[in-house]
1. Can you compute the charge dipole magnitude of the chain about its Cα centre, using +1 on each Lys and Arg Cβ and -1 on each Asp and Glu Cβ, nothing else charged? Give it in debye, rounded to the nearest 20.
2. Is the stretch 386-475 rounded, prolate or oblate when judged by the Cα gyration tensor, a ≥ b ≥ c being the square roots of its eigenvalues, rounded requiring a/c under 1.5 and prolate requiring a/b larger than b/c?
3. Which of V345, S181, S300 sits farthest toward the positive end of the charge dipole of the chain, with +1 on the Cβ of Lys and Arg and -1 on the Cβ of Asp and Glu?
4. Determine the alpha carbon to alpha carbon distance for each of K42/K365; K67/K463; K347/K408 and list only those over 29 Å.
5. Given only helices, namely DSSP H runs of n ≥ 4 each adding -39500 (n - 2.57), what is the per-residue ellipticity at 222 nm of the chain, to the nearest 500 deg cm²/dmol?
6. What shape does the chain take by its C-alpha gyration tensor, where a ≥ b ≥ c are the square roots of the eigenvalues and a/c under 1.5 counts as rounded, a/b above b/c as prolate, and the rest as oblate?
7. In whole Å, what is the distance between the alpha-carbon centres of the stretch 414-488 and the stretch 169-248?
8. Classify the stretch 316-425 as rounded, prolate or oblate from the Cα gyration tensor: take a ≥ b ≥ c as the square roots of its eigenvalues, call it rounded if a/c is under 1.5, otherwise prolate when a/b beats b/c and oblate if not.
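The values are calculated or read from the model by the stated rules, or taken from the named source; none is laboratory data. Since the structure is predicted, the reported quantities are computational estimates derived from the model, not experimental observations. Note that each Cβ is placed from the backbone with ideal geometry, even for glycine, and that neighbours are counted across all protein chains shown. The protein model used for the area step is the full one, side chains on, heavy atoms only, and it has no ligands, DNA or RNA in it. Shrake-Rupley method; radii C 1.70, N 1.55, O 1.52, S 1.80 Å.
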Amino acid sequence: MIFRRLSSPRAFSCLRHNIRTPLLRNYSDGKCGGKNGGSDGKADLRTVVAEQVKSERARVKKFAVEKANTKIGEVTVSQIYGGMRGIPALLCETSSLDPEEGIRFRGLTIQDLYDKLPKLECGEEPLPEAVFWLLMTGKIPSKEQAKMITDEWNDKAELPDYVKKLIDDMPTDLHPMSQLSIAVTSLNKDSQFMKAYKKGLKKLDFWKYSLEDTMTLIAKLPNIAARIYRNMYRGGKGCDEIDKKLDWSGNFARMMDYEDPIFHELLRLYLSIHCDHDSGNVSSHTTHLVASALSDPFISYAAGLNGLAGPLHGLANQEVLVWIEKMRKELGSENPPEDQVRDYVQKTLKAGQVIPGFGHAELRKIDPRYTAQQDFAKVYLPNYEGFLLVNTIFKVVPPILESLGKVKNPWPNVDAHSGTLLMYFGMKEMQFYTVLFGVSRALGVLSSITWHRAFVIPIERPKSYTTEDLIELVKKQEEEEPKKSGKGGKDGDKKADKTKKC
C-alpha cells in the first residue's frame, strides 16, 4: 500500500518554490471532492449537520426501540479484570477499528482520505479541516467547504487575554500536557453550551451549542499549544498572530516557528491520522464519559487530555525514540547494520521488555497510519539515517516476534514512525509530542460527543462488582449450569434412572 501520489516530486518542488505565498491557501479537490459534502457542495457545516441530525435521530431511535433487548455480546471475568478489553459497550459514529484494515473514518480508510479529501494545491496530504467535516457529517467536503472550516477556525483562533496570561504564568518545567489541560479547562469560562444550559436549553438542541464550543476549542488549540511550545523551548519568543492565508496546520507550524512547507505537510498528515481511533481508547472514552454528565466540551476534553498524558497511551512514540537512542548508543552507530539490530532486539526481549512501537490491542496487520508516514519519509527524507534505521527495525522485529508464538500482532503501529519524522525537522522536544497528539485527537472526540448529544445519549453508569460479588455470581452460575443442561439434581437423576430401566 502506497499513500503518496505519483506527483509527489512535483509536490515537493511546488511546496519548496511557493513557501509563504498565497498559493498555499489554494485548495484542490480529491477525486470525489465536492460530490457528497452537502447539498451542492456549498452548504455550511451547521446546515449540513442539522439536516443529518433530523434523519439520523429518527433512524437511531427506531433501531434502539425495536432492538432494545437484543444481546450483542457476553462479558467474562477475564474482561472485567483485563481493562474491559473487547466488551461491546460504547457508541462511536465517527470511526471504527477493523483488525485487518485498521482505522476507518466514517467508513473511509486512510487510502480513501488521500483519494477523496481536499488538499492544498501544492500538497498531497488531506487537510485536517476536511477530515473534521467528514467526521461531523459522514460526507466528503468540497474545497469550498473545507475552506469554510479553515476560515472560521482562523477567525476564532485568538486567545483571550486571561488565557494568554495563564499560560505565560505557568512554570516552564511544568509538563506541556498539564499546561494544555489547564488552558483548555479555562476556556469553559465562555462556553456557549453552559450559558445556554443555564437558561433552560432543550435537550434536542444540546448538540447545536456543543458544536459551537467544539469549533471554538479546535480553533484555539494550535494557538494554545504553540504558546506553550514557545514558552518552554523558545524563551517565549515567536509569532502568535494568525496568518489568514494559511490553513489550520500551516498556522500551527508557523506559530511554533517552523516555516518549512514540508513540515507543514507533515503536520497535516500527523493531525489527520491521529484524529480518531474509535471510542475505546483512554482519551476518547474519558472525554465521552465526562461529557455524558453534560460537562461542556472544554472541560470534557481537558479530562481526555489528562488520560492521553499517561505513559500507556500518549507517550508511546517517545518510548520508541528512547529505545532507539539506547540502541544507537550501545551499538555505537546512528544506523547500525541489520544483524546488530537483530541481536539488540533479541537482547531486549530476553530482558523481559517489549519492543516499543510494535503490536496493537486491536489491529492484526501493519497499522496503515505507519505506512502513510513511511511513504511520506520515502519522498521527503529517504536518506535520513533515522528513517533508514526505522526501516531496518521494521524488517527485523516482526519475524522475531512471530517466532515467539504468542504475539497476536507483531507489526508496527503508528508510534513506531511518528517521532522519527518530527526529529528530522528539528522538533526534538519529545515531551511535546503528546501535545501534537492532543491537538489532533480533538477533531474526532469532539465530533463524536456532538453526535452523542444529538442522539440525547444519557449519562454513563455501568454496573460494577467487588471480587466477592464476582465469586458469588460465578458460584451461583456453576451451580445452575447442570440444571440447565439436564444433568445433576433430582430431575436429572430421575431422567437417568428412566433411561436405565428402558
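1. Values: 73 positive and 66 negative charges, 332 e Å.
Taking the Cα centre of the chain as origin, the dipole is about 1600 debye.
2. On the way: a/c = 3.01, a/b = 1.36, b/c = 2.22.
Cα axes put the stretch 386-475 in the oblate bin.
3. Checked the options; the winner is S300.
4. Numbers: K42/K365 38 Å; K67/K463 21 Å; K347/K408 21 Å.
Violating the 29 Å Cα-Cα cut-off are K42/K365.
5. Working: 22 runs with 290 residues, N = 502.
Rounded to the nearest 500, it is -18500 deg cm²/dmol.
6. Values: a/c = 1.81, a/b = 1.28, b/c = 1.41.
Judged from the Cα gyration tensor, the chain comes out oblate (a/c at least 1.5, b/c at or above a/b).
7. Their Cα centres are 25 Å away from one another.
8. On the way: a/c = 1.75, a/b = 1.13, b/c = 1.55.
Note, shape of the stretch 316-425 comes out oblate.
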